[in-house]
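All remarks here apply to the structure that follows.
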Amino acid sequence: MLLFREATEADAALLSRIFCVSWRSTYRSLIPGDYLQRMPDDTWVPTLRSWLGSGRMYGLIALTDEEPVGAVVFGRGRDAGYEDWGEIVALYLLPEATGCGTGSALLKQALNLLREDGFARCYLWSIDGNTQAEAFYQKRGFCRTDDCIRYQLGGQDVTDVRYVLR
């Protein structure tokens, strides 16, 4: 049975581990493997503590049989010109939780909570070339835009693309 609980600053290490395990599985063809393998499980702990302690971001943890299998972080848009939008900042699942509705349920919960907070519009960023994520978000009403951010990870160029909810 899938349940959700609110994530707090105290859950930063748990969320960071879920994110890292998901990255290693999901981004193998998009980010150099040695970079992914060297990435410590606590990579995002400071960032997650900051986000979840800010009052601007919230998190949900998905639990199956009381075991954490995924998480979503969301809140007020962080980008200039998007402060009155909701943003899905991060949505990651452990590999064993993919393809069974957990991601859809997490996204739906986050979008409902954003609507309750008064956000009529929502966006997210996804790594370009992640066809699985692209299909997932498009099936749920998100459209790819021309907005992108370019950066390097592990010596390789990476591009994030903005998706907006129709």
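Per residue of the chain, what 222 nm ellipticity follows from adding -39500 (n - 2.57) for every DSSP H run with n ≥ 4, rounded to the nearest 500?
Dividing the helical sum by the residues of the chain leaves -10000 deg cm²/dmol.
Once Lys and Arg get +1 and Asp and Glu get -1 on their Cβ, which of LEU3, VAL73, THR159 lies farthest toward the positive end of the dipole of the chain?
Of LEU3, VAL73, THR159, it is THR159.
Mind ranking 149-155, 68-74, 49-55 by how tightly packed they are, going by the mean number of other C-beta atoms within 10 angstrom, highest first?
Highest-to-lowest ranking by the protection proxy: 68-74, 49-55, 149-155.
Springs between alpha-carbon pairs under 10 angstrom, Gaussian network model over the chain: which of ASP84, ASP42, ASP146 fluctuates most?
Evaluated over the chain, the most mobile residue of the options is ASP146.
May I ask you to compute the full-extension gain from THR131 to GLN152, defined as 0.36 nm times their residue separation minus their alpha-carbon distance, rounded to one decimal in nm?
Answer, rounded to one decimal: 5.6 nm.
Quick one: Debye curve from the alpha-carbon atoms of the stretch 59-153 only, equal weights, vacuum; give me log10 I(q)/I(0) at q = 0.12, 0.13, 0.18 Å⁻¹ to two decimals.
For the stretch 59-153, the Cα-only Debye profile gives -0.40, -0.47, -0.89.
How high is the relative contact order of the stretch 2-165, given as a whole-number percent (alpha carbon pairs under 8 Å, six or more residues apart)?
Relative contact order, the stretch 2-165: 21 percent.
Most mobile of ASP41, ASP117, ASP128 per a Gaussian network model of the chain (Cα springs, under 10 Å)?
Greatest mean-square fluctuation among the candidates belongs to ASP117.
Taking the beta-carbon count within 10 Å as an exposure proxy, list TRP44, TRP85 from fewest neighbours to most.
With the fewest neighbours first, TRP44, TRP85 line up as TRP85, TRP44.
Given points 7 Å out from each Cα along the Cα-Cβ axis, report the GLN138 to LEU63 separation in nanometres with one decimal.
Distance between the two pseudo-spin positions: 3.7 nm.
About its Cα centre, how strong a charge dipole does the stretch 2-165 have in debye, to the nearest 20, once Lys and Arg get +1 and Asp and Glu get -1 at the Cβ?
240
Readers should treat all values here as calculations from the given coordinates under stated rules, not as data from a laboratory. Please read all numbers here as calculations on a predicted model, not as lab measurements. Glycine also receives a Cβ, built like all others from the backbone with ideal geometry; neighbour counts cover every protein chain displayed.
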